[in-house]
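Notes for the one structure printed next.
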Amino acid sequence: MRPFRILIFFAATGVLLLIISLALPEEGISINEDFRISFFSVSDLFQRAEQDTSLRKAEVERLISTSAVTDDPEAEAGYDPLVPPGLFTTPDSLEPAAADPVRPVNTDSLISSVFRLQFAPGQKTLLDPFFRKLDELRAGTIRRTRIIHFGDSQIENDRMTSLIRYRLQQHFGGSGTGLIPAIPLYAGHLAFEQEQSGRWLRYTFFGKRDTSIMHNRYGVMGAFASVPIAGEELPSLHFRFNTERRTGRCNRIRVFLHSCVMDASLILQVNDSIRVTLSSLHDGYNVAELNAGTRVKELSILADFPEGGRIYGISFETDRGLQVDNIAMRGSAGLLFSKLDREQLQAMMEDLSPGLLLLQFGGNVVPYLEDADYYRRAFARELRFIRGLCPGVPVIVIGPSDMSIKQRGRFKTYPNIEPIRDALKTAALESGYAFWDLYEAMGGYNSMPSFVEADPPLASSDYVHFTPRGANLVAEMLYNALMLEYRKYSSENGSF
Amino acid sequence: MNQILSDIFLYHPEKPLLFTQLFFWIFYFIVLLVYSIIYRERALRNAFLFVASLFFYWKTSGLFFLILVFSTFSDFYLGQLIHHARRKGWKKFGVFMSVLVNLFLLSYFKYTYLFVNTVNSLFNLDIQVVNHLALWSNHFTGTHFDTSVILLPVGISFYTFQTISYTVDIYRGKVDPVRHILDFGFYVSFFPQLVAGPIVRAARFIPQLYKRYHLTCQEFGYALFLILKGLFKKMFIGDYLAVNFIDRIFANPLDFSGFENLMALYGYSLQVYVDFSGYTDIAIGVALLLGFRLPKNFNAPYKATNVGNFWKRWHISLSSWLRDYLYIPLGGNRKGRIMTDVNLMITMLLGGLWHGASWHFVIWGGLNGLGIVVYKLWKKISPYEKSKHWAVRLWKIFLTFNFITFTRIWFRSESMEKAGQLIHQVRYFFHPSIIPQVLWSYRLVFAVMALGYFLHWVPESWKLALLNWYIRVPIWAKALIAVVMVFIIYQSWSAKLQPFIYFQF
């Protein structure tokens, strides 16, 4: 067979493909919601990606080059030019003070590159109550405070939170994971291993709800684990901590639970040496607390609940210092708080006593919701509800990251991202809270493809979720924004 | 106009000439166009394909094509030296220099970071990598290369091994040196196999340089079949699985349950096969249409009944290269049982390192080596070793496939830490209760995965029947089938991404 015939064969095949391309409408033929038959168009062949501004990827080189984050915040050396010097004195006996690292740095140029928090006019002092608590923590006049980081799947598995926690705890003390669900799907950065006996089930208010649950007492995490009724053996949860890691070190355990009848009891066994039975738990919401006084290496929680019950969460913390909780609600748009049982939520929130709330949502409405103003109104309602739950506690709303939609094999930012971001921003500022624009911080329009294609990748190939390194990169930016405000507060109030 | 010329002739790192890109097929069409005019002139044909290959490499790797040119020159003249030298010492010197130069190039570009990082971590140092070649070039030629990084030229692992085989084969008297440097350049850089193999032996390829173009109608059908099969495997199965499932799990194992991690591992076992074998299928087909026969590189590897058998079916051109140029020179099986096993382990460990400059590739190679050594011991005592029963054969295939898949943890994971995370999730966060939800939610992904494994495990006679049918159909039907296949593959390529799934557990 001569090459010319092969050439003709290829030419004929190409012509046939071209005919199909011309015959099919450019937008393709929709088969169902998820599938559309399409084919390349002639313009695809000759259109350069650089000429089509909707396909131009954001420049993220500068972001990457100015950050030294890795997959694991705990692997970093303590280095923090934005924090007032001398802060490396921690009140936490578990965690000795880190040495104040000295490195040459131009702080002014660093400050100018910080992507700042946004406040409503007249609300610049919003975060002062939290910063006051940090100062008091440092001075030893209070023992504890905490940040609760609520979010959707973007923060799942301690993403973003872990860096913020680690950096802050280095300065203000504290360790441990903070609040975790009784049955964790993941172990953030391998802080512990968990095993369970008995048929524990997890129910969530977000995502797919189990319709057999007729109440709405899900706790602050929007999820609970049902405690199996004790048989011959007590159902148990067993934790083995990786004390090499800061998140794996704790000396205080709190179990937030609900018993269906009086006289339920909970046995907490620590390191095979401390065994505490918390008996006569009353019917309803309870907090079982154990100050171990020593570093917890292993923990068994045995539940003797005659009629079953619920565990809303377990907090691994320290008796002094700052706790930072990661509460990831897959699929949630952050519109669930006001639908939960207010009384139970308030009681748990008071026990947690947060000094600052971070609310990071928006990504889950981007692909589906057309009416951004509806989202603004709904989110503002949630913020009013949260103000009622935690009066005086400042809130930082964090907008969605960039997310890409795949069209004809190419990725571009969802058209709805900016309206949703604006809706969240307006809701936050109108409520008197702060806003941090994650979308713009990471580079704005079409920054997600640049994150996915970075080496090593900063985002997953679903073009939505950050990799641990990407999450740490943007979390560091958020942390810097927070520390810049703290620096300003400290200089204005003489503590710096 | 300038923009179009720049697109065509300048190097754009974001647009390499891959078989999966339309621009490759436009390039190939133009090559065919010229080729159909000059194919009868043997010297002109080889020179043209050499230039086309250099252009292909320039578009794929930019100025790194100069390394290819350097390799071509050095090995061509060393080959001449080895062949014409009368004294054994000069012959040995020629081979030694060829191996040294090729391994230096490979080590410099591929293993510098591994070496520096290992030294840094062993001795707690902070040595930074400096690209001395770039420094030298900037100093003497005024270029502006970044001296702080060493980038890996595409395909260097393949063409350095290919040129080593050339000089060693001349030394061993298995092949005569190529007469003209353009012919040799063509052998080294032939574009279908330049980037991802198969590694072509001089003894097999060089005689083809001097033969007239010849292609039967059956071979034409076979080549087209291979190209379509390769595109289907690579794009419809491999890319779809990677983008929609596997990559995101391996990027962050802790974000997914143990079951999802395990499924990603099995998915990867398929993906790595369809990716690699699909690419070489296309390479073999593309080369055959130009009249050149490349060796078969895969032979249904997951039908292997033991690890040794697997390596006779997987990346055959590499495993046979390692056997002939590493294992046998080490002593092979000629120095006793223990030394045979030692030689085998060295070969597999270095073979692992060839796949990637990281210690986890060494672990992967080591595990495969252990698999071969343990099997050699086991078969001596196994009562079923000689059994022909189908259940025994099935069990062996099952066991081998699962072992190979297990070793893939270290092949695919970006780091030892990530490999540990995957194992951790499978061990402690398996969550069997969510299996039905995972299967249903990722039903398209699992359907593609099942199709891939089904197509792999169907009897060879079925595959042969399909191939023969395609070869027999008239040429217009071949074109129609090609169009339908391209259309189907495009649907997979342009399909919406599988969204992140929310599992209730």
Inset, instruction - Treating cross-link reach as a plain straight distance, find the lysines whose alpha-carbon is under 22 Å from the alpha-carbon of B:Lys91, omitting any fewer than eight places away in the same chain. - result: B:Lys174
Legend entry - Lys, Arg +1 and Asp, Glu -1 on Cβ, resulting dipole of the protein assembly as shown about Cα centre, debye, nearest 20: 5100 debye
Legend entry - Rounded if a/c under 1.5, otherwise prolate or oblate - the range B:218-494, Cα gyration tensor axes: oblate
Inset, instruction - Would you work out if chain A is rounded, prolate or oblate? Take a ≥ b ≥ c from the square roots of the eigenvalues of the alpha-carbon gyration tensor; rounded if a/c is under 1.5, else prolate when a/b is larger than b/c, oblate otherwise. - result: prolate
Legend entry - Loop sites in the range B:342-426: trypsin sites (Lys or Arg not before Pro), DSSP, at most 11 other Cβ within 10 Å: B:Lys386, B:Lys388
Legend entry - Relative packing of A:119-125, B:426-432, which averages over residues the other C-beta atoms within 10 Å, highest first: B:426-432, A:119-125
Legend entry - Mean Cβ neighbour count within 10 Å, used as a protection proxy, ranking A:396-407, B:303-314 highest first: A:396-407, B:303-314
Legend entry - Exceeding the 31 Å Cα-Cα cut-off - candidates B:Lys110/B:Lys296; B:Lys59/B:Lys229; A:Lys297/B:Lys110; B:Lys59/B:Lys303; B:Lys59/B:Lys233: A:Lys297/B:Lys110; B:Lys59/B:Lys303
Inset, instruction - For the range B:11-213, state the average projected area of the convex hull of the C-alpha atoms over all orientations, rounded to one decimal in nm². - result: 13.9 nm²
Inset, instruction - Would you work out if chain B is rounded, prolate or oblate? Take a ≥ b ≥ c from the square roots of the eigenvalues of the alpha-carbon gyration tensor; rounded if a/c is under 1.5, else prolate when a/b is larger than b/c, oblate otherwise. - result: rounded
Inset, instruction - Tell me which residues come under 5 Å, amide H to amide H, from A:Ile180 once H is placed; ignore anything under 5 positions away on its chain. - result: A:Ile314, A:Ser315, A:Phe316
Inset, instruction - Could you work out, residue by residue across A:408-419, how many beta carbons of other chains sit within 10 Å of that residue's beta carbon, and then give the average as an integer? - result: 1
Inset, instruction - Can you check what the net charge comes to around A:Pro184, using other residues whose Cβ is under 14 Å from the Cβ of A:Pro184 (Lys, Arg +1; Asp, Glu -1)? - result: -3
Inset, instruction - Show that you can apply the helix-only estimate: for chain A, add -39,500 (n - 2.57) for every DSSP H stretch of four or more residues, divide by all residues, and state [θ] at 222 nm to the nearest 500. - result: -8500 deg cm²/dmol
Legend entry - Kyte-Doolittle mean at least 1.6, axial Cα span of 20 Å or more - DSSP H helices of chain A: A:3-23
Legend entry - CD proxy at 222 nm, helix term only [per DSSP H run n ≥ 4: -39500 (n - 2.57); per residue of chain B; nearest 500]: -22000 deg cm²/dmol
Inset, instruction - Filter the DSSP H helices in chain B by two things, a Kyte-Doolittle mean of at least 0.5 and an axial alpha-carbon span of 20 angstrom or more, and list the hits by number. - result: B:22-38, B:42-61, B:65-84, B:88-106, B:156-171, B:217-231, B:258-289, B:337-355, B:359-381, B:390-412, B:443-457, B:475-494
Inset, instruction - Principal axes first, then extents: for the Cα atoms of the protein assembly as shown, list largest minus smallest coordinate on each axis, whole Å, largest first. - result: 92, 72, 58
Inset, instruction - Enumerate by residue number the GluC sites (Glu not before Pro) in the range A:286-383 meeting two conditions: DSSP loop (anything except H, G, I, E, B), and at most 14 other Cβ atoms within 10 Å of the site's Cβ. - result: A:Glu307, A:Glu370
Inset, instruction - Compute the convex hull volume of the Cα atoms of the range A:330-408, divide it by the residue count, and report the result per residue in Å³ as a whole number. - result: 103 Å³
Inset, instruction - Count, for each residue of B:33-41, the Cβ atoms from other chains sitting within 10 Å of its Cβ, then give me the mean as a whole number. - result: 3
Legend entry - FRET efficiency, B:Tyr77 to A:Ala120 (Cβ-Cβ, R0 56 Å, nearest 0.05): 0.15
Inset, instruction - Count, for each residue of B:248-260, the Cβ atoms from other chains sitting within 10 Å of its Cβ, then give me the mean as a whole number. - result: 6
Legend entry - In the range B:1-107, trypsin sites (Lys or Arg not before Pro) in a DSSP loop with at most 12 other beta-carbon atoms within 10 Å: B:Arg40, B:Arg86, B:Arg87
Inset, instruction - For B:Lys396, list the aspartates and glutamates whose Cα falls under 16 Å from its own Cα; do not include residues on the same chain fewer than 8 positions away. - result: B:Glu385
Legend entry - Hits among lysines - C-alpha to C-alpha of A:Lys124 under 20 Å, sequence gap 8 or more where chains match: A:Lys133, A:Lys425, A:Lys488
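Rule-based calculations on the coordinates, nothing more; no lab input. Because the structure is predicted, anything quoted here is derived from the model rather than measured. Every residue, glycine among them, receives a Cβ derived from its backbone with ideal geometry; neighbour counts consider all protein chains shown.
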